[in-house]
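Chemist: Input: one structure, supplied below.
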Amino acid sequence: MRQIIQTFTFLIIILQPLSFAAMAEKMDFWLQPQHGGNSFNRLPPNQDYFAALHNYGASWVRLSWDKWPTKQCDFLLGNADGYQGLVKEDIATLKTVLDNAQAAGLKVVITPLSLPGMRWSQNNSGQFDDRLWHNKRFWQQTAHYWRDLAAALKNHPAIAAYNIINEPAPEKMGGLAEHASTADMQKWYQRNQGGARDLPAFYREIITAIREVDPLTPIMVDSGWFAAADAFSYWPQPLEDKRVLYSVHMYEPYAVTSAPNAKRKTPWSYPGTVPYAGTQQKWDAQRVADYLALPFDWAKAQGVAKHQMVVGEFGCIRSLAGCTQYLEDVLTVLDKQQAHWAFYSFREDSWDGMDYELGSQKVPWQYWQAAEKNLPDTVPRRATKEFEPIRKRLDQ
């Protein structure tokens, strides 16, 4: 018996360093600033698509699959109304896409737009699905879903992180105004802590499920209110898992950068005084810098390492006169912060609004014909002046 115990103890001592080395290796990718793009396409991307992004100098892609064709109601999930297990045909499709990215030299952060009880609004007749943030029964289903997904993908060499959910918004129907003051956010969280709208608690439950099958892969978590840069402000502390990446998205001021502005008779201008958080505010390079400082200030105060901070999306409507300047101002801040980032979006085949390789002009009718018939997009892309703020940084 003593010999067995001694042998077992020896194995633990020998194996532990290997385990720690493996953990470090999984996080090594994120120790230096990584720059890439978002892929939210309607068709599963092929190797040429990923190679084109990599050839610009990108190192990673944030990949979503909720637009991809499926025989079920929701790709991979089966049905967001009640998770029963991964759809085998869909997981095979996802693995093929990951193989394509790996062959092209890109790392991938997988990013669902839907979870059990939270169907992505564009797949839900435009309606925001609040069930996940109303009933913890869907937390349990999400934990099951992510445990299955991590078990299926943990050994794929392309995987750089699991992004638990894109742009969660438990606050939206929970009584907290978007871009409320930090004090109001903190009071709101104190009232909702422990309930179904407690985003940090939700993440802890899902991370626990993932770690049951995969102790190594980094996990990316978006802030609340659709990943707003000010929405980590109410978190009283970071998550306990040391392999977590904290992500925000940057589209503020949304009244300027979003599609409705392009349809206005007189669009709001950037730089300029524009609607934001219920008031008129001046937005320029300094205002962008002040706003984007918020998550990094939170991280520093909480002892979160700089390499754990990500801007997972940013962008603006390419046809707007101030879009190129906006991209330059955002990226100038991210340069100074040495942050990981991924622009939105790369060669999207169902919406052209932030496809900067198309320049500022309207796309030809063949783009929409292909989308209508669910055929591959064949519109040529090139490096334009609208894409230049991103291109020159990818090429560094």
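The values are calculated or read from the model by the stated rules, or taken from the named source; none is laboratory data. None of the values given here were measured: they were computed from a predicted structure. Quick reminder, even Gly has a Cβ in these numbers, built from the backbone with ideal geometry, and neighbours come from all protein chains shown. Areas reflect the complete protein model, heavy atoms only, side chains present, ligands, DNA and RNA absent. Shrake-Rupley method; radii C 1.70, N 1.55, O 1.52, S 1.80 Å.
Chemist: Would you be able to tell me the number of residues in the range 158-188 that are more than 24 Å from Leu216 (Cβ to Cβ) and either in a strand (DSSP E or B) or open to solvent by 50 Å² or more (accessible area, probe 1.4 Å) (or both)?
Modeler: 11
Chemist: How many residues, within the range 200-246, are in contact with a strand residue (DSSP E or B) (Cβ under 8 Å, 6 or more places away or on another chain) and assigned to a helix (DSSP H, G or I)?
Modeler: Qualifying residue count for the region: 5.
The rows are residues; the columns are (1) part of a helix (DSSP H, G or I); (2) surrounded by fewer than 16 Cβ atoms within 10 Å (Cβ to Cβ); (3) of a type in the set (Phe, Trp, Tyr).
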| residue | (1), (2), (3) |
| --- | --- |
| Leu98 | yes, no, no |
| Val109 | no, no, no |
| Gln122 | yes, yes, no |
| Gln127 | no, yes, no |
| Leu132 | yes, no, no |
| Gln141 | yes, no, no |
| Tyr145 | yes, no, yes |
| His156 | no, no, no |
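Chemist: Given the criteria closer than 30 Å to Thr332 by Cβ, at pLDDT 95 or above, in a loop (DSSP other than H, G, I, E, B) and touching an Asp or Glu at 6+ places or on another chain (Cβ under 8 Å), does Arg393 qualify? Even if it seems obvious, please write down each step before you answer.
Modeler: Values: closer than 30 Å to Thr332 by Cβ: yes; at pLDDT 95 or above: yes; in a loop (DSSP other than H, G, I, E, B): no; touching an Asp or Glu at 6+ places or on another chain (Cβ under 8 Å): yes.
Taking the combined requirement at face value, the residue does not satisfy it.
Chemist: For Ala80, which of the numbered conditions (1) free of Cβ contacts under 8 Å to residues at least 60 places away in the same chain; (2) surrounded by fewer than 20 Cβ atoms within 10 Å (Cβ to Cβ); (3) over 24 Å from Val310 (Cα atoms); (4) not charged (D, E, K, R) fails to hold?
Modeler: Only one criterion in (1) free of Cβ contacts under 8 Å to residues at least 60 places away in the same chain; (2) surrounded by fewer than 20 Cβ atoms within 10 Å (Cβ to Cβ); (3) over 24 Å from Val310 (Cα atoms); (4) not charged (D, E, K, R) is unmet by Ala80, namely (2).
Chemist: Also, quick follow-up: Take the conditions modelled with pLDDT of 95 or more, surrounded by fewer than 21 Cβ atoms within 10 Å (Cβ to Cβ) and either under 24 Å from Val330 (Cα atoms) or of a type in the set (S, T, N, Q) (or both) and apply them to Ala255. Does it pass?
Modeler: Numbers: modelled with pLDDT of 95 or more: yes; surrounded by fewer than 21 Cβ atoms within 10 Å (Cβ to Cβ): yes; either under 24 Å from Val330 (Cα atoms) or of a type in the set (S, T, N, Q) (or both): yes.
Against the criterion (modelled with pLDDT of 95 or more, surrounded by fewer than 21 Cβ atoms within 10 Å (Cβ to Cβ) and either under 24 Å from Val330 (Cα atoms) or of a type in the set (S, T, N, Q) (or both)), Ala255 qualifies.
Chemist: Another question, if that's okay. Which one of the conditions (1) closer than 14 Å to Tyr251 by Cα; (2) open to solvent by 20 Å² or more (accessible area, probe 1.4 Å); (3) not β-branched (Val, Ile, Thr) does Arg347 fail to meet, given that it meets all the rest?
Modeler: (1)
Chemist: Quick check on this structure: which one of Arg62, Arg42 is of a type in the set (Lys, Arg), assigned to a strand (DSSP E or B) and in contact with a Phe, Trp or Tyr (Cβ under 9 Å, 6 or more places away or on another chain)? Break it down stepwise before answering.
Modeler: Numbers: Arg42 fails: assigned to a strand (DSSP E or B).
After applying the criteria, what remains is Arg62.
Chemist: Of all residues in the range 17-39 being part of a helix (DSSP H, G or I) and touching a Ser or Thr at 6+ places or on another chain (Cβ under 9 Å), which is modelled with the lowest pLDDT? It would help to see each step written out before you state the result.
Modeler: Within the range 17-39, the subset part of a helix (DSSP H, G or I) is 17-31.
This time we only want the ones that are touching a Ser or Thr at 6+ places or on another chain (Cβ under 9 Å), so: 26, 29.
Numbers: Lys26: 85, Phe29: 97.
Only one residue fits best here, namely Lys26.
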